[in-house]
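See below for the structure under consideration.
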Amino acid sequence: KQWYQRRVAITAGRQKIEPKGLIKNRRHTTGDIESSDDTLDTSGEEDNKDVTEPSPKLASPILGEQPIARTKPPAANQEATSKKLRVISDQEKRDKKWDTKSGWLWKQGGRRNNKGWKKRWFVFSDNKFTYYASNKHNAESLSCIALSNFKEVKIAQLEKDNSRQRFPFELITKHREYLLAAETSEERTLWCSILMIAITQYKGSILDDLLGGEMNSPDKAGLLKKQGNSRLRDWKSRYCAVKDGTFCYYESYEAYCIATPINSIYCGTLKAQISDRARFKFEVIVPNRTYYFMAQTESEMMSWIEALNKAVAAALTDLKSSGSTAKELIQRIYEEPSNAFCADCDSA
């Protein structure tokens, strides 16, 4: 359509519009911005030439005459707005790894969130939310929360103003509420987005409602004493279970029932052997560290070693039965995080 130009004069709050004739619209493109030059059609003048109209100016008693800024076309404004308010599409969720993230978060201790805050290294991967005391490759996990237990993630408010925990949020599970906090608002938003995407996309399993979850009906389970990794090297009672190439130990039997292990160890790279026969102590060796356990009797110790060695065979059999080629098996071994470092000299 054609353009029409009107001269606008503002006087004492009134607006006067004077017709100026028909404008021919001449467009040109500069870079990514499309602009137009307004020209006046003076059909009564000689040669009928287009005369460029100067930019209108607004008279101000304080600033004098000021040019009126031209606004962008509506399409350009919509495009700029869409870039600012970009929504993650389903295709992007499938293409990008929205199911994996790691980083530092503050966590409040106590089952009722009534203890002090401690900084922990959190890793969300393989439908598990695990946190550690440090981000070293050989750090022992403090707890592992299965995605099947997740219910909701929401922004939280701290009762007392604490500068160290600026941006808190809550992870609500079936059996407990975890109060966490990020260092920045952007980091909190990213964590909440990834966890909520995982919750909405999780399809569930028939094992979710069973006792122990994925470790239901284990090949062997029972109480063992485990040596801690602190300087005290004290021994604590742990409920342990082994099934289908996976070895887990829990804080208690109740923790086993709600499928919340302290650590889950893949048995494909595991080795179990006697450490001290007189004390019924045996060791579980993995590429990045060694765990020490103690049984009540010698027969129980031997029974656990046998069960763990069978789990190693089961884990390797699963790899072969999956139909993977030799190159794929080697690649899976390389991708195992614990194999990124030498088991002897701890070098990368």
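The values are calculated or read from the model by the stated rules, or taken from the named source; none is laboratory data. Nothing here was measured: the structure is a model prediction, and the numbers come from that model. Positions of Cβ are backbone-derived with ideal geometry, glycine not excepted, and every protein chain shown enters the neighbour counts. Surface accessibility is based on the protein's heavy atoms, side chains included, excluding ligands, DNA and RNA. Shrake-Rupley method; radii C 1.70, N 1.55, O 1.52, S 1.80 Å.
Pairing residues of the stretch 131-155 that are open to solvent by 30 Å² or more (accessible area, probe 1.4 Å) with residues that are of a type in the set (Ser, Thr, Tyr) and outside any loop (DSSP other than H, G, I, E, B), at Cβ distances under 7 Å and at least 6 apart in sequence or on separate chains, gives TYR132/SER141; LEU142/TYR131; LEU142/TYR132; LYS151/THR173. So, TYR239, is that one closer than 20 Å to PHE122 by Cβ and either open to solvent by less than 10 Å² (accessible area, probe 1.4 Å) or in contact with a helix residue (DSSP H, G or I) (Cβ under 6 Å, 6 or more places away or on another chain) (or both) or not? Considered against the rule, which asks whether it is closer than 20 Å to PHE122 by Cβ and either open to solvent by less than 10 Å² (accessible area, probe 1.4 Å) or in contact with a helix residue (DSSP H, G or I) (Cβ under 6 Å, 6 or more places away or on another chain) (or both), TYR239 comes out as no. When each of SER347, SER299, SER321 is tested for being modelled with pLDDT under 90, over 22 Å from ILE145 (Cα atoms) and over 29 Å from the mean Cα position of the chain (by Cα), the lone residue that passes is SER321. Across the stretch 83-102, not a single residue is classified as charged (D, E, K, R), modelled with pLDDT of 80 or more and either in a helix (DSSP H, G or I) or open to solvent by 80 Å² or more (accessible area, probe 1.4 Å) (or both). With respect to (1) open to solvent by less than 40 Å² (accessible area, probe 1.4 Å); (2) at pLDDT 95 or above; (3) of a type in the set (A, V, I, L, M, F, W, C), the lone exception for ALA314 is condition (2). If you go through the stretch 108-129 and keep only what is in contact (Cβ under 8 Å) with a residue 24 or more places away in the chain and open to solvent by 20 Å² or more (accessible area, probe 1.4 Å), you end up with GLN108, ARG111, ASN113, TRP117, SER125, ASN127, LYS128.
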